[in-house]
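What follows is calculated from the coordinates using simple rules that are stated; it is not laboratory data. Computed from a prediction, not measured in an experiment: that's the story for all the values here. Positions of Cβ are backbone-derived with ideal geometry, glycine not excepted, and every protein chain shown enters the neighbour counts.
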Amino acid sequence: MDLPDYPFTPQRFEVRPGIAMSYLDEGPRDGEVVVMVHGNPSWSYYWRHLVLGLRDRYRCIVPDHVGMGLSDKPDDGGGVRPPADPRSARYDYTLRSRIDDLGALLRHAGIDDATPVTLVVHDWGGMIGFGWALSHAAQVKRLVVTNTAAFPLPTGKPMPWQLSLGRDSRIGGWAIRRFNLFARGAAWLGTTRRLPASVRKAYAGVYSGWDKAIATLRFMQDIPLRAGDRAWPLVDEAGRRLHEFADRPAFIGWGLRDFVFDRHFLAGFRDALPRAQVMAFEDAGHYVMEDRHEALVPAIRAFLDANPA
């Protein structure tokens, strides 16, 4: 597959028995560690411009979540819906699994509890990253937040129907797996800048086919909206504790034309992290690093340089 602006050699390790995770580990081994966590339906490709802008000085560790990008895409035996008994699944596509996988990757990379980490997040990467940070708060020295969440759906923000189509509809779920609708749609509609066909293919092609699109659907089905949803306790705790990170340097880069992570979510981060440096773009969408990487990469680099870990 042609991957424009992705001149990296991904590494792999067995994150769970028989399941390999692909990840990038770019930059000097003794550099300050920057962990970039993607969401759904993207993969480490989303962070490529930032990696290229940082890797001369910073050690950039960038996972592809299981089922995403170049990582293995195990079946969970559930078809359109997850299996009724998650213990029967080869992989349990849940937020808890994602957080555990991130921890396993960092241990594999030699990032112990004493290693300072800069956490960079987007989309579901916010909950995965902050979910990990709940038990590693002392390690997290800086934050870079882009179009994401680390708290429940804000009051006044309706659940977007495009997500409900996958979360709540069997027909919608079938179509997402059968036709790769979510990844293909995001590659077209996630930006205000029209992406080159090769870039759209890089985003969506890794999910082409029923077996390969499983994680894009499972992420949607794991969205917690209320108590009783499996991911709710983690999301609720992260929301209650997000203010605990307000004492460390934070940078927020936001595309305001995101129909999911819109001004409601930006306001939530502004409230929790009132000292954060904010760059909000009226002309950028959900994939803000695609729309405005020319501005964001140097700004994030300057932020990191000015706030050493």
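Couple of notes before you dig in:
- Top-ranked residue of region 1-35 - restricted to ones that are out of contact with any Leu (no Cβ under 8 Å at 6 or more places or on another chain) and among the hydrophobic types (A, V, I, L, M, F, W, C), ranked as farthest from Gly205 (Cα to Cα): Val33
- Subset of region 282-308 [surrounded by fewer than 18 Cβ atoms within 10 Å (Cβ to Cβ) and more than 15 Å from Trp47 (Cα to Cα)]: Glu282, Asp283, Ala302, Asp305, Ala306, Asn307, Pro308
- Just so you know, in region 256-279 the residues that are within 28 Å of Gly27 (Cβ to Cβ) and surrounded by fewer than 17 Cβ atoms within 10 Å (Cβ to Cβ) include one that is farthest from the chain's Cα centre (by Cα), and it is Arg275.
- Subset of region 1-57 (residues that are closer than 14 Å to Gly67 by Cα and hydroxyl-bearing (Ser, Thr, Tyr)): Ser22, Tyr23, Ser42, Ser44
- Selection status of Gly285, assigned to a strand (DSSP E or B) and not polar (S, T, N, Q): no
- Residues satisfying the criterion are present in region 5-13 (criterion: without any contact (Cβ under 8 Å) to a residue 60 or more places away in the chain, of a type in the set (Phe, Trp, Tyr) and part of a loop (DSSP other than H, G, I, E, B)).
- Number of the exception - Gly31 against (1) closer than 24 Å to Gly131 by Cβ; (2) surrounded by fewer than 19 Cβ atoms within 10 Å (Cβ to Cβ); (3) small (Gly, Ala, Ser): (1)
- Checked against the criteria, Pro308 counts as out of contact with any helix residue (DSSP H, G or I) (no Cβ under 8 Å at 6 or more places or on another chain), of a type outside the set (S, T, N, Q), in a loop (DSSP other than H, G, I, E, B) and in contact (Cβ under 8 Å) with a residue 24 or more places away in the chain.
- Residue list for region 104-125, restricted to those being closer than 18 Å to Asp222 by Cβ and small (Gly, Ala, Ser): Gly125
- Criterion violated by Thr9 - all others in (1) buried (at least 17 other Cβ atoms within 10 Å of the Cβ); (2) touching a strand residue (DSSP E or B) at 6+ places or on another chain (Cβ under 9 Å) satisfied: (1)
- Those residues of region 241-250 which are surrounded by fewer than 18 Cβ atoms within 10 Å (Cβ to Cβ) and either in contact (Cβ under 8 Å) with a residue 60 or more places away in the chain or under 27 Å from Asn180 (Cα atoms) (or both), in sequence order: Arg241, Glu244
- Asp100 vs. criteria out of contact with any Ser or Thr (no Cβ under 7 Å at 6 or more places or on another chain) and more than 17 Å from Glu290 (Cβ to Cβ): yes
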